[in-house]
Every structure is written in structure tokens, then in C-alpha cells.
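Visitor: Have a look at this one before I ask anything.
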Amino acid sequence: MWEARVSTKGQIVVPVEVRKRHGWEPGTKIVIEETDDGLVLRSVEELIEATYGMFKNTGGKSMTEELLEDRRREVQIEEAEYRRWVARTKATRNGGKRRSA
């Protein structure tokens, strides 16, 4: 456990041992997460690595493929509804009579 003081500018100094262990060099962006137990500090890279596993493909289709398939199905439904609407609109304009081709 380490101790640090908050400066008048709201800054704290992360102890050198912690910076070395995490590979934090000057300019490293740190994410501060507030939890019920206190604060968690991580570099942006560490956060990305920790969350990356949530998006891994565990087999089957990727989320992108599933979303694209869903959208294709929606487009088919929308196009069918549009064709029905156009047919109804044309029928209404023609007094309810359909034209023969």
C-alpha cells in the first residue's frame, strides 16, 4: 500500500514502484474508475486489454455478421411493406381498380 497527497491542483504522484510495475511512462493516460471499494487506476491500454475479452468471438458468427444478417432481414421486410404501400396507393389513385399490364 502506498500513500500520496493531493496537490492544490488536484494532482497526485503515483509511486515509482507502481509506475515501473505497470510500465507507466510520462504521458501515459490513466483511467480512474470509481467503485464501491474506492478508486481503481489503470492505463488506457490495460483497460482495453481487460475489456477485449468481452468482444472475442467464441465460435460461430461474429457480432458484426449477426447484426448485418438482422439488418438484411429488416430491409427485406421494409421493402415488402413499401411495395404493398405503393400498390395500395396506386389502387387508391385509380379508384380501387388495378391496371392490367
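Each reported figure results from applying straightforward, stated rules to the coordinates on display, with no laboratory input. Just so it is clear, the model here is predicted, and its values are computed rather than measured. Note that each Cβ is placed from the backbone with ideal geometry, even for glycine, and that neighbours are counted across all protein chains shown.
Visitor: Which aspartates and glutamates, on any chain, are close to residue 61 with Cα under 17 Å apart, when same-chain ones fewer than 8 places away are left out?
Guide: Partners found: 69, 70.
Visitor: Okay, moving on. Using alpha carbons only, how many degrees (0 to 90, rounded to 10) separate the axis of helix 63-93 from the longest principal axis of the chain?
Guide: 30
Visitor: Turning to a different aspect of this structure: For region 1-95, state which GluC sites (Glu not before Pro) are in a DSSP loop and have at most 11 other beta carbons lying within 10 Å of their beta carbon. Let's see the in-between values first.
Guide: Working: sites: 3, 17, 33, 34, 45, 46, 49, 65, 66, 69, 74, 78, 79, 81; in loops: 3.
Qualifying residues, ordered by number: 3.
Visitor: So, counting K/R as plus one and D/E as minus one, what does the shell of residues with Cβ under 9 Å around residue 40 add up to?
Guide: Neighbourhood net charge equals -2.
Visitor: Measure off 7 Å from each Cα along the Cα-to-Cβ vector at residue 45 and residue 19, then give the distance between these two points in nanometres to one decimal.
Guide: Those two pseudo-labels are separated by 1.5 nm.
Visitor: Right, another one. Considering only DSSP states other than H, G, I, E and B, which trypsin sites (Lys or Arg not before Pro) in region 68-98 qualify as loop sites with at most 12 other Cβ atoms within 10 Å?
Guide: 97, 98
Visitor: Now for a different question. Normalised by the number of residues in the chain, what is the relative contact order in percent for Cα pairs under 8 Å and 6+ residues apart?
Guide: Details: 34 pairs, mean separation 10.0, N = 101.
Relative contact order for the chain comes out at 10 percent.
Visitor: Across 10 Å bins from the origin, how do the percents of Cα pairs in the chain run, short distances first?
Guide: Using 10 Å bins, I get a P(r) of 11, 22, 15, 12, 12, 10, 9, 6, 2 for the chain.
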